[in-house]
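The values are calculated or read from the model by the stated rules, or taken from the named source; none is laboratory data. In this text the structure is predicted, and so the values were computed from the model without any measurement. Note that each Cβ is placed from the backbone with ideal geometry, even for glycine, and that neighbours are counted across all protein chains shown. Side chains included, ligands, DNA and RNA excluded: accessible areas come from the protein's heavy atoms. Shrake-Rupley method; radii C 1.70, N 1.55, O 1.52, S 1.80 Å.
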Amino acid sequence: MNALEIHGLSAGYGGQPIVRDIRLTVGTGEIVALLGANGAGKTTTLRAASGVLRHSGKLHLDGQDISGVSAARRVALGLAHVPQGRGTFVDFSVEENLRLGAYSVTSAQRIQDDTAYWFGVFPRLKERRAQLAGSLSGGEQQMLAIARAMMTRPKVLMCDEPSLGLAPAVTADLFVLLRDLAADRGTGILIVEQNAHLTLEIAARAYVLEHGEIAIEGSAATLSRNSEIQRAYLGIEA
Ligand SMILES: Nc1ncnc2c1ncn2[C@@H]1O[C@H](COP(=O)(O)OP(=O)(O)OP(=O)(O)O)[C@@H](O)[C@H]1O
Ligand SMILES: [Mg+2]
């Protein structure tokens, strides 16, 4: 069974359609890339899937229909979203952000355990646990955004441009982390990225959005060899 299944999803702003008839799946522990030019509708797709943007179409999370479910409930059911631009609560401390991420978790013990776990993964965050999130560096904020999203132990994590503004070495570390999350925890990951090179290295499959519709889909290996993809996203002249 797929962790996330999206069928016929359409969404837009102010009555104007932006993405149309999106169909995509993410398996358990699978990393799937969503590629596309600026303005193609990648962020809109993730916002609709997370439920913060009204949409038509069907979504299933681990087989459960979540199409009519609120954004907060989707998080509680296991669909996490790290929005473009990170989305930490800048006026709250690092530790408070982790607790806020776990707002749907009722076990205090589990919140404590998971906070300790993520401080182990990101010692830089532990050192800065009392610091306001808004005063963290870009890379540290990205770490916090992912750790915060993971506090619910999601089945599927949707990340919108996690490498934005990060140095190459930090991005490389982040991608290793995402790969480990998928492999070790079975988290399905849907990743939107400008860095198509790195993304296709860790992804099993990819979809390419063009003008709000899925134009190309396939295995990451196949797409890496596709001359259109190479020209548009990988900077390789055919
Ligand atoms: N709140 C909004 N109101 C009106 N139009 C919007 C809104 N947000 C996005 N759009 C428009 O929807 C289209 C798709 O935007 P979206 O943010 O989904 O693109 P994207 O693929 O994520 O691009 P990028 O790579 O630049 O992040 C764009 O033309 C954008 O101008
Ligand atoms: Mg975007």
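Values as computed for the structure displayed
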read-out: Sorted peptide list for 48-58, 30-40, criterion being average Cβ within 10 angstrom, highest first; value: 30-40, 48-58
read-out: Long-range HN-HN contacts of residue 218 with modeled amide H, under 5 Å; value: 206
read-out: Calculated Rg and Dmax of the stretch 1-73 using C-alpha coordinates, Å; value: 11.9, 35
read-out: Under Karplus coefficients 6.51, -1.76 and 1.60, residue-wise ³J(HN,Hα) of the stretch 79-91 in Hz, glycine/proline x; value: 10, 9, 9, 9, x, 4, x, 6, x, 8, 7, 5, 8
read-out: Peptides 141-147, 90-96 ordered by average Cβ neighbours within 10 Å, highest first; value: 141-147, 90-96
read-out: Sequence of 207, 233, 103, 13 from largest to smallest accessible area, 1.4 Å probe; value: 103, 13, 233, 207
read-out: Residue 131-residue 164 pseudo-label distance in nm [points 7 Å out on the Cα-to-Cβ vector]; value: 2.2
read-out: Among beta bridges that DSSP assigns inside the chain, antiparallel share in %, nearest 5; value: 55
read-out: The chain - percent relative contact order, Cα under 8 Å, separation 6 or more; value: 27
read-out: Residues whose placed amide H lies under 5 Å from that of residue 210, excluding near-sequence neighbours; value: 215
